[in-house]
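S.K.: Let me begin by handing over the structure; questions about it come next.
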Amino acid sequence: MKCIYCGNAESKVVDSRSTDEGNSIRRRRECLQCGKRFTTYEVIESTPVLVVKHDGTRQQFDSHKILSGLIKACEKRPVAMRDIEALVASVEKQVYNSLEQEISSKKIGELVMEGLKELDQIAYVRFASVYRDFRDVTSFIEFINAFK
């Protein structure tokens, strides 16, 4: 690691500590030439996963969108925020563990619905009503009857 003050490539680590819930490491370094200290961060480099939308467009996977949708589905329901966040983390883990560079939005929706079904049935139906994009009341009633 090059010193930011003198450009020397030799430094020693004075202190290391985990940050960002264990996803990165903060290191205090001391330059062996000028003696000045500086901080570096080490993070895991991840390959971006692209989401293939219904219309064929692609965008980078963003777990915040899942969180936002779940918060709306669980509004005024007895679902703790930690449970919503745990579901988001579970879906995110499944997406990245698939080792695929692209995943369909349909697959992500199914993963979310699978977890939401266990969490809260009303929130599940709310999420499904938006995600499945029912065209009429009959198709929605058929979905609910199949859910029973």
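The values are calculated or read from the model by the stated rules, or taken from the named source; none is laboratory data. This one's a predicted model, so the numbers in the text were calculated from it and none came from an experiment. Cβ atoms come from the backbone with ideal geometry, glycine included; neighbour counts cover every protein chain shown. Heavy atoms of the whole protein, side chains included, go into the accessibility calculation; ligands, DNA and RNA do not. Shrake-Rupley method; radii C 1.70, N 1.55, O 1.52, S 1.80 Å.
S.K.: Heavy atoms of the protein only, probe of 1.4 Å, neighbouring chains included. What is the accessible area of K72 in Å², nearest 10?
M.R.: Roll a 1.4 Å probe over it and K72 shows about 140 Å².
S.K.: With the chain treated as a Gaussian network of Cα nodes joined by springs under 10 Å, which of T138, T39, T57 yields the largest mean-square fluctuation?
M.R.: Of T138, T39, T57, the Gaussian network model singles out T39 as fluctuating most.
S.K.: For labels at K2 and K65 in the simple 7 Å Cα→Cβ model, what's the distance in nm?
M.R.: Label-label distance for K2 and K65, simple model: 3.7 nm.
S.K.: Of all trypsin sites (Lys or Arg not before Pro) in the range 17-59, which ones are in loop regions per DSSP and have a Cβ with at most 12 other Cβ atoms within 10 Å?
M.R.: On the way: sites: R17, R26, R27, R28, R29, K36, R37, K53, R58; in loops: K36, K53.
Qualifying residues, ordered by number: K53.
S.K.: Using helices alone, what [θ] at 222 nm do you get for the chain, with -39,500 (n - 2.57) per DSSP H run of 4 or more residues, divided over all residues and rounded to the nearest 500?
M.R.: Using -39500 (n - 2.57) per qualifying helix, the result is -14000 deg cm²/dmol.
S.K.: OK, next. Could you tell me the relative contact order of the range 66-148? Use alpha-carbon pairs under 8 Å, at least six residues apart, and round to a whole percent. Walk me through the numbers before you get to the answer.
M.R.: Values: 43 pairs, mean separation 28.7, N = 83.
Once divided by the residue count of the range 66-148, the mean separation gives 35 percent.
S.K.: Kindly work out what percent of the DSSP beta bridges joining two residues of the range 1-83 are antiparallel, to the nearest 5.
M.R.: Beta bridges within the range 1-83, antiparallel portion: roughly 100 percent.
S.K.: Quick one: compute a quarter of the convex hull surface over the Cα atoms of the range 23-137 and quote it in nm².
M.R.: Orientation-averaged projected area of the Cα hull: 10.5 nm².
S.K.: Per residue, how much accessible area does the chain have with a 1.4 Å probe, in Å²?
M.R.: Heavy-atom accessible area per residue stands at 70 Å².
S.K.: Taking the Cα centre as origin and putting +1 on Lys and Arg beta-carbons and -1 on Asp and Glu beta-carbons, what dipole magnitude results for the range 1-115, to the nearest 20 debye?
M.R.: Rounded to the nearest 20 debye, it is 460 debye.
S.K.: I've got another one for you. Counting only protein heavy atoms and using a 1.4 Å probe, what share of the accessible area of the range 29-146 belongs to carbon plus sulfur, as a whole percent?
M.R.: Of all accessible area on the range 29-146, carbon and sulfur atoms account for 50 percent.
S.K.: Work out the charge dipole of the range 7-68 with +1 on the Cβ of Lys and Arg and -1 on the Cβ of Asp and Glu about the Cα centre, then indicate which of C34, L50, G7 is farthest towards its positive end.
M.R.: Most positive-ward Cα: C34.
S.K.: Please enumerate, by chain and number, the lysines with C-alpha under 23 Å from the C-alpha of K36, excluding those fewer than 8 residues away in the same chain.
M.R.: Counting by Cα, and skipping residues close in sequence, K36 has these lysines nearby: K2, K12.
S.K.: Run the numbers on the chain and let me know its relative contact order in percent, using alpha-carbon pairs under 8 Å that are six or more apart.
M.R.: Relative contact order of the chain: 16 percent.
S.K.: Run the dipole for the range 67-148 about the Cα centre, Lys and Arg Cβ at +1, Asp and Glu Cβ at -1, nothing else charged, and hand back the magnitude in debye, nearest 20.
M.R.: The calculated dipole for the range 67-148 is roughly 240 debye.
S.K.: Using the alpha-carbon centroid of each, what span in Å lies between the range 43-72 and the range 85-148?
M.R.: 14 Å
S.K.: Reachable lysines from K93, Cα under 26 Å, same-chain residues fewer than 8 places away excluded?
M.R.: Excluding near neighbours in sequence, the set is K53, K65, K72, K106, K107, K117.
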